[in-house]
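To keep things clear, I will list the structure first and then write my remarks on it.
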Amino acid sequence: MDSSLPQDHFIDAHHHLWRYQDPGQPWMTDEMSYLRRDIGVEDLRNVATPSGITGTVVVEVERTVEETRWLASTAASDDLILGVVGWADLTDPSVEAELEQLAELPNLRGVRHPIHDEPDPNFVLREDFNRGIAALHALGLTYDLLIFEDHLPQTIHFVDRHPDQIFILDHIAKPRIRDASITAWRSNLLELARRPNVYCKLSGVVTEAKWDRWTPQMIAPYIDTVLEAFGPRRLMFGSDWPIVTLASTYDRWVNTVRSAIAQLSTSEQQAILWRSATEAYGLRRPVAHSHV
């Protein structure tokens, strides 16, 4: 961890950028028409900087190596983006060679493959996929877990196969907040969190609730659970911008999280706001440069 980071540092550990092409990603339904446009780093800066964000981690959406290279190039030319979580086909027989090339990209810190898009509920237990995961550790790359809560039992077995690999759970495993369902998710999340190599992002929460009717009180039990499970040291803030805008403005989500953790000590709040992301992703503060 970089001790030169200031105490008021604030990292958004999960957001997206993209170059839009019709018809967009399969998950871009008609009710998400606002997202059907280019999303660039200046758009991000316009919402993140006023909320106090000083650094970010950008995460893949296209599931292509070409996008990963573009994100790395974007990060290399902008001091706001501290890290990139890209994509690689971890089931490819030649994945080791491809990962070696990707690991040389500036600011590439990890890889993600959306498990919740796979028709096989046991995808994480496939041998070819696990072989790809095994190649990450030697290159110092993390793995972001994007799953639904129904995948948690399999994910626990999967993580146990890779005790030295750093895993970062996206969107608190997408519990069914809009249905006020919590019992099974809570039990499995607490079990997963017993693995010290697993971190969790406090992100993607309000989009799992009712977009136009959620309140801080409705999501409080879920935030309390992840705090109990992972503790501040393995919990990190993420906006999931611009997808979060389906249910919240950027600053409303920031203020919701800040309020939810206000009872914690200053050190614990700093862990969630920047230390955990810095530790998990191995982030370093770049030399600042002007955008004038």
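The values are calculated or read from the model by the stated rules, or taken from the named source; none is laboratory data. Computed from a predicted structure; not experimentally measured. So basically every Cβ, Gly included, is an ideal-geometry build from the backbone, and we count neighbours across all protein chains shown.
Quick notes on this structure:
- Contacts under 6 angstrom Cβ, first residue in region 75-97 being more than 16 Å from VAL59 (Cβ to Cβ) and touching a residue at least 24 places away in the same chain (Cβ under 8 Å), partner among the charged types (D, E, K, R) and not in a strand (DSSP E or B), 6 or more apart: THR91/ASP128
- Hits in region 195-206 - residues which are part of a loop (DSSP other than H, G, I, E, B), within 13 Å of LEU235 (Cα to Cα) and not polar (S, T, N, Q): PRO196
- Checking each residue in region 245-285 for being more than 15 Å from ARG233 (Cα to Cα) and polar (S, T, N, Q) picks out THR245, SER248, THR249, ASN255, THR256, SER259, GLN263.
- Applying the set (1) closer than 21 Å to MET218 by Cβ; (2) in a helix (DSSP H, G or I) to SER181 leaves exactly one unmet item: (2).
- Residue match in region 129-146 (condition: surrounded by 21 or more Cβ atoms within 10 Å (Cβ to Cβ), under 18 Å from GLU191 (Cβ atoms), out of contact with any Gly (no Cβ under 7 Å at 6 or more places or on another chain) and in contact (Cβ under 8 Å) with a residue 12 or more places away in the chain): yes
- Residues (assigned to a loop (DSSP other than H, G, I, E, B), within 19 Å of the chain's Cα centre (by Cα) and crowded, with 16+ Cβ neighbours inside 10 Å) located in region 147-177: ILE147, PHE148, GLN165, ILE166, LYS174, PRO175
- Any hit, region 225-243, residues being among the acidic types (Asp, Glu), crowded, with 16+ Cβ neighbours inside 10 Å and touching a residue at least 12 places away in the same chain (Cβ under 8 Å): yes
- Close pairs from region 32-50: first exposed (fewer than 15 other Cβ atoms within 10 Å of the Cβ), partner modelled with pLDDT of 95 or more and among the charged types (D, E, K, R), Cβ under 8 Å, at least 6 apart: PRO50/ASP251
- Being over 21 Å from GLU42 (Cα atoms), out of contact with any Leu (no Cβ under 9 Å at 6 or more places or on another chain) and acidic (Asp, Glu) is a condition met by at least one residue of region 196-215.
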